[in-house]
Amino acid sequence: MGIPQDIAFLDATAQAELVRAREVKPVELVEAAIDRIEALNPELNAVITPMYDQAREAASGKLPAGPFAGVPFLLKDILAAYAGVRMCWGSAFALECVPDQDCELVKRFKRAGLIILGKTNTPEFGILPTTEPHAFGASRNPWNTGVTTGGSSGGSAAAVASGMVPMAHANDGGGSIRIPASCCGLFGLKPTRARNPMGPALGDAINGLIVEHALTRTVRDSAALLDATSGPDLGDPYWAPPPQRPFLDELRAKPARMRIAYTYEAQGAMAQDDCVKAVEDAARLCEELGHDVEPKMLEVDVEKLTPLFMTLWSAAQAWTADALALLTGKTPAQDQFEPLTWALIEMGRSVSASDYLMAVTGLQGVSRDVARQAADYDLWLTPTLAEPPLPLGTFESPPDNPLFGIIRAAGFVPFTPICNITGQPAMSVPLYWNEDGIPIGVQFIAKFGDEGTLFRLAAQLEAARPWADRRPPVSA
């Protein structure tokens, strides 16, 4: 008995199968993952809070008979509350924030048999599409350590892409699963709004903009994990439509001929050449697989949409600061936050109750407009990002221009936020690498509640163009 040499790049499903077959012990998987984190983290800065003692204790005890029993896992350091372990939100202000109970999603991760080794890096409050918090320093992309991992789940993405763990928790309020999936060459599914629970502390977050799931190397890991965690919790204000069958079963179902629309443009922003090429490549592949593909613009009024989204987004930063103040007993002050974060906190505090509800009403109208446009198509194909992964430091906001980062981010991520507004499921799929060897993801958007169609196509694409064995220069 011993650890196979290629264990780092076996997916979570395969690692769990080794445990069930008693070819490896959970504690061996955990120790091997700890060794990989210790070896790679000095260069990548993906893990900011090790939880090795808790992991060793869990691996040595009796594990639940879940689908991932004994498999190492990491939590993003936002929203995934683990009792007794700090949850910092990427912020120096929250270094002393320690939850007193597990959130429901963490309980479900544990019931699935996952062993949590630590928490991953994230931008302050998860605001930016890059992971460069002042409090913890930048996470670096294993494909090119000079460019962004994406955000806000960038630490999780770097950890999975480099082989530290086979999958890691992530969440998505404007693209924070799909953006780092694209930057780091991973599969990233954003589920339908309320597919996974957010309790007991929250019913939803930012009027449903944020959803929970994970970053994975394989489609089957994403589907099996969603099967294990999804479904309403007691007291949830609403929940996603129940799936017709387990998501893992969708991977075995032959996809019917799909009608797929594609575009390179969103909210007035045109994707750069590499991202256009990635969409064209994905469109050709879909045609080769027997699907009907046609160009079609998704019409969204950007002048109407942007201020509505920013009303919710800025209010959310004020809410986060106030909630953390309540938990820590500290009073928020400008010198405790990054310039962008403080500017958004102040902006959010100027939002009235009426402003907030008017923005909610307006964004719900946008959702209906998008749903009508999408009614004639099974899926919509877009770039995940408008540009390849950008150099570290690109989004840094100077004190004299504190909103620079969020303005620059709008040009980088015009394609992802719409699905947070509408609640639709979407996925970033790593089908294309540019001439510099950097992954460029493409996004597929499905109708509300229809992750099944995404999983069926994803399984087809993965079989036709496998990506899971690609290894970045910095890897286990």
### Candidates Val47, Val98 - the one that is within 24 Å of the chain's Cα centre (by Cα) and either surrounded by fewer than 23 Cβ atoms within 10 Å (Cβ to Cβ) or more than 28 Å from Ile127 (Cβ to Cβ) (or both)
Val98
#### Entry: Options Thr122, Thr149, Thr131, Thr192: the member that is in contact with a Cys (Cβ under 8 Å, 6 or more places away or on another chain) and either in a loop (DSSP other than H, G, I, E, B) or among the aromatic types (Phe, Trp, Tyr) (or both)
Thr149
### Task
Could you check, for region 317-327, whether at least one of its residues is within 21 Å of Leu344 (Cα to Cα), in contact with a helix residue (DSSP H, G or I) (Cβ under 6 Å, 6 or more places away or on another chain) and among the hydroxyl-bearing types (Ser, Thr, Tyr)?
yes
### Message
Among the residues of region 237-272, what is the count of those that are within 30 Å of Thr306 (Cβ to Cβ) and assigned to a loop (DSSP other than H, G, I, E, B)?
### Response
11
### Message
Let me confirm something: among Ala58, Ala39, Ala21, Ala83, which residue is of a type outside the set (Asp, Glu), modelled with pLDDT of 95 or more, surrounded by fewer than 19 Cβ atoms within 10 Å (Cβ to Cβ) and over 27 Å from Gly151 (Cα atoms)?
### Response
Ala21
### Query
Can Pro417 be described as touching a residue at least 24 places away in the same chain (Cβ under 8 Å), under 16 Å from the mean Cα position of the chain (by Cα) and crowded, with 20+ Cβ neighbours inside 10 Å?
yes
### Query
Which number in (1) crowded, with 24+ Cβ neighbours inside 10 Å; (2) under 23 Å from Pro200 (Cα atoms) marks the one condition that Phe68 misses?
(2)
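Residue by residue, here is whether (1) out of contact with any Phe, Trp or Tyr (no Cβ under 9 Å at 6 or more places or on another chain); (2) at negative phi; (3) crowded, with 24+ Cβ neighbours inside 10 Å; (4) in a strand (DSSP E or B) holds:
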residue	(1), (2), (3), (4)
Ala170	yes, yes, yes, yes
Ser176	yes, yes, yes, no
Cys183	no, yes, yes, no
Met198	yes, yes, no, no
Leu202	yes, yes, no, no
Glu212	yes, yes, yes, yes
Asp221	no, yes, yes, no
### Query
Hey, among Ala278, Ala283, which residue is crowded, with 20+ Cβ neighbours inside 10 Å and not in a strand (DSSP E or B)?
Ala278
### Message
Can you tell me which of (1) in contact (Cβ under 8 Å) with a residue 40 or more places away in the chain; (2) buried (at least 24 other Cβ atoms within 10 Å of the Cβ); (3) on the phi < 0 side of the Ramachandran plot; (4) small (Gly, Ala, Ser) is the one Ala112 doesn't meet?
### Response
(2)
## Note on the structure
Among residues of region 71-80 being in contact with a strand residue (DSSP E or B) (Cβ under 6 Å, 6 or more places away or on another chain) and aliphatic (A, V, I, L, M), the residue surrounded by the most Cβ atoms within 10 Å (Cβ to Cβ) is Leu74
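The values are calculated or read from the model by the stated rules, or taken from the named source; none is laboratory data. Remember, predicted model here, so these are calculated numbers, not experimental data. Neighbour counts are summed over all protein chains in view; Cβ atoms, including those assigned to glycine, are modelled from backbone coordinates with ideal geometry.
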